[in-house]
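K.L.:
Quick one: the structure is below, questions incoming.
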């Protein structure tokens with residue numbers, strides 16, 4: 001019992017120390033970062049953060065990221081639940097192959113799709129819109145969400161569907177009243193993973209946006225501007241890009257616990 | 001019934017096809033051409049593919065990629081499982097640990113590279129100093145082995161939480177009576193793990209291994225920021241080299257041929273892994 005707790009504490013420390021170092025550096029001036037290694041800022045300063053927040057580009061980029069991630073998660077759930085239901089409940093010709101084909105899209109290397117994706121969405125007239133990024137992120141998120149949801153749906157006994165239909169419920173009634181509440185934890189877990197992969201992917205997001213929908217990292221490269229690498233600002237910006245994730249995990253912590261406890265990912 | 005299945009699948013298939021089908025077709029088309037920016041595309045047949053078989057850097061990067069994927073799988077899967085086993089089953093501590101595990105996962109990929117760069121570079125980070133105190137001359141910028149280990153450690157740091165979360169979810173599904181029965185039978189801790197826990201985790205472990213395998217082949221931004229592929233080419237993975245050819249390179253057609261080869265390798269690898277794992281301990285999951 002004791003040994004496993006010590007192990008867990010060591011692991012958590014390993015998780016947190018690099019993060020602490022980042023946060024620690026973000027409160028130092030660039031000269032202090034470059035010249036001294038201190039675990040606590042010698043001269044505590046907020047100037048890096050002030051520099052960031054005085055710039056409009058930074059603020060809007062956070063909102064942009066949140067918008068396209070939200071569209072992406074919504075589409076993943078809306079299209080993913082019926083598809084996962086079909087895979088879980090019905091056998092049809094080529095279902096296994098179709099399932100694997102969907103997964104292969106997740107394997108497609110992101111970096112390689114940059115140019116074709118750019119051309120595709122430019123031709124569709126969607127370049128520099130939130131929708132373009134959301135649609136493009138579906139390539140790797142939708143297969144994953146079908147995969148996860150299929151596990152959860154298969155955990156709901158098939159007999160339940162049949163009983164409901166025998167009792168005279170229409171399909172939509174069954175979906176809303178019985179089925180949806182049962183797989184809600186699964187939807188929560190799926191949304192978590194979709195958020196995760198869409199939020200952290202910035203290569204495609206950057207390629208598909210110009211001015212009005214640009215994500216956080218574009219803002220990040222800004223700080224290399226005229227004065228060269230300004231590590232203080234860069235690190236502070238890095239810390240800021242971590243915050244929405246942390247806030248998100250904090251708010252949904254109970255759902256995660258419940259969703260994961262429901263099990264059968 | 002069959003028609004209804006397709007009706008249910010239609011939205012998902014349409015959405016995926018939109019962003020997958022057209023770009024793949026474009027890449028295949030490119031790969032058959034000689035494409036220098038500014039000049040008229042010239043049909044080149046399979047010559048790009050022939051050229052790529054002689055490309056030392058590409059072949060090296062494939063080897064390196066397999067080595068990397070094998071190493072991170074060997075570390076991340078057991079470690080994630082161990083973390084999941086050590087986690088409390090419920091209560092405030094569980095919530096705290098779940099939140100902490102979520103943090104590395106939710107950091108944008110280039111920032112993951114940045115965290116480790118800031119942590120390990122001699123001018124910015126504290127790692128060289130600490131290792132210097134125990135007498136190890138740590139130089140990730142110059143020494144091949146240091147750069148490699150740093151990349152592995154970064155990936156482990158980044159993705160073990162995912163494996164741990166998946167395994168934790170899987171562990172929750174094992175009904176308590178299973179453990180009680182094992183206890184009554186006098187099974188040792190190891191036997192309980194081997195014959196009760198592990199078979200039940202099969203499906204979750206398949207997801208974890210496949211997800212990590214395919215995502216590790218796609219590793220790009222983190223390494224790009226951390227080492228930039230260096231020193232030399234020693235952390236120049238398949239994705240890094242391919243995109244340096246496809247985006248920064250002169251011949252787009254050659255980059256596309258590299259891309260298709262690369263995609264083919266990943267799909268084959270995942271297919272093999274998928275088949276092997278699905279056949280391992282068959283019958284544990286019935287539909």
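Throughout, read-outs are computed from the coordinates displayed, never taken from laboratory work. Keep in mind the model is a prediction, meaning the values are calculated, not measured. For neighbour counting, all protein chains shown are included, and Cβ atoms are generated from backbone atoms with ideal geometry for every residue, glycine included.
K.L.:
In a Gaussian network model over chain A where Cα atoms closer than 10 Å are linked, find which of A:12, A:252, A:183 has the largest mean-square fluctuation.
P.N.:
Among A:12, A:252, A:183, the largest GNM mean-square fluctuation belongs to A:12.
K.L.:
Hey, how many Å between the Cα centroid of the stretch B:115-148 and the Cα centroid of the stretch B:29-80?
P.N.:
One Cα centre to the other: 30 Å.
K.L.:
Give the relative contact order (percent, whole number) for chain B; include only Cα pairs under 8 Å separated by 6+ residues.
P.N.:
So the answer I get is 29 percent.
K.L.:
Given points 7 Å out from each Cα along the Cα-Cβ axis, report the residue B:187 to residue B:85 separation in nanometres with one decimal.
P.N.:
So the two model labels end up 1.3 nm from each other.
K.L.:
Further question: For residue B:122 and residue B:264, what is the calculated FRET efficiency with R₀ set at 41 Å and r taken between the beta-carbons, to the nearest 0.05?
P.N.:
0.55
K.L.:
Using the alpha-carbon atoms, what tilt in degrees (0 to 90, nearest 10) does helix A:95-107 show relative to the longest principal axis of chain A?
P.N.:
10
K.L.:
Evaluate the distance, in nm, between pseudo-label points positioned 7 Å from the Cα of residue A:101 and of residue B:62 along their respective Cα→Cβ axes.
P.N.:
Taking the two extended label points, one gets 2.6 nm.
K.L.:
In degrees, nearest 10, range 0 to 90: what is the angle between the Cα axis of helix B:56-86 and the longest Cα principal axis of chain B?
P.N.:
On a 0 to 90 degree scale, this one is about 20.
K.L.:
Across 5 Å bins from the origin, how do the percents of Cα pairs in chain B run, short distances first?
P.N.:
1, 5, 9, 12, 13, 14, 13, 11, 9, 6, 4, 2, 1, 0, 0, 0
K.L.:
Just subtract the alpha-carbon distance of residue B:134 and residue B:47 from 0.36 nm times their residue separation and send over the number in nm, one decimal.
P.N.:
26.0 nm
K.L.:
Separate question: Would you compute, from DSSP H runs of 4+ residues alone, the mean residue ellipticity of chain B at 222 nm, taking -39500 (n - 2.57) per run and dividing by the full residue count, rounded to the nearest 500?
P.N.:
Only helices count here, giving -23000 deg cm²/dmol.
K.L.:
GNM on chain B, C-alpha springs below 10 Å: top fluctuator among B:121, B:139, B:194?
P.N.:
Maximum fluctuation in the GNM of chain B, among the listed residues, is at B:194.
K.L.:
On to the next question. Kindly express, to the nearest 10 degrees and within the range 0 to 90, the angle between helix A:253-262's C-alpha long axis and the longest C-alpha principal axis of chain A.
P.N.:
40
K.L.:
When only alpha-carbon atoms are used, what values of Rg and Dmax, in angstrom, describe the stretch A:54-262?
P.N.:
Rg, Dmax (Cα atoms, Å): 20.0, 72.
K.L.:
How high is the relative contact order of the stretch A:28-153, in percent, with contacts defined as C-alpha pairs under 8 Å that are six or more residues apart?
P.N.:
Relative contact order of the stretch A:28-153: 36 percent.
K.L.:
With springs only between Cα atoms under 10 Å, which of A:97, A:137, A:51 fluctuates most in a Gaussian network model of chain A?
P.N.:
Sorting by GNM fluctuation, first place goes to A:97.
K.L.:
A follow-up question, please. Just from the alpha-carbon atoms, what are the Rg and Dmax of the stretch B:135-249 in angstroms?
P.N.:
Cα radius of gyration and Dmax of the stretch B:135-249 are 20.4, 65 Å respectively.
K.L.:
Something else about it: Multiplying the sequence separation of residue A:175 and residue A:247 by 0.36 nm and subtracting their Cα-Cα distance, what value in nm do you get?
P.N.:
So the extension gain works out to 22.8 nm.
K.L.:
While we're on this one: Please report the relative contact order for chain A, taking Cα pairs under 8 Å with a sequence separation of at least 6, and give it as a percent rounded to a whole number. Mind dumping the intermediate values first?
P.N.:
Numbers: 254 pairs, mean separation 82.7, N = 265.
Answer for chain A is 31 percent.
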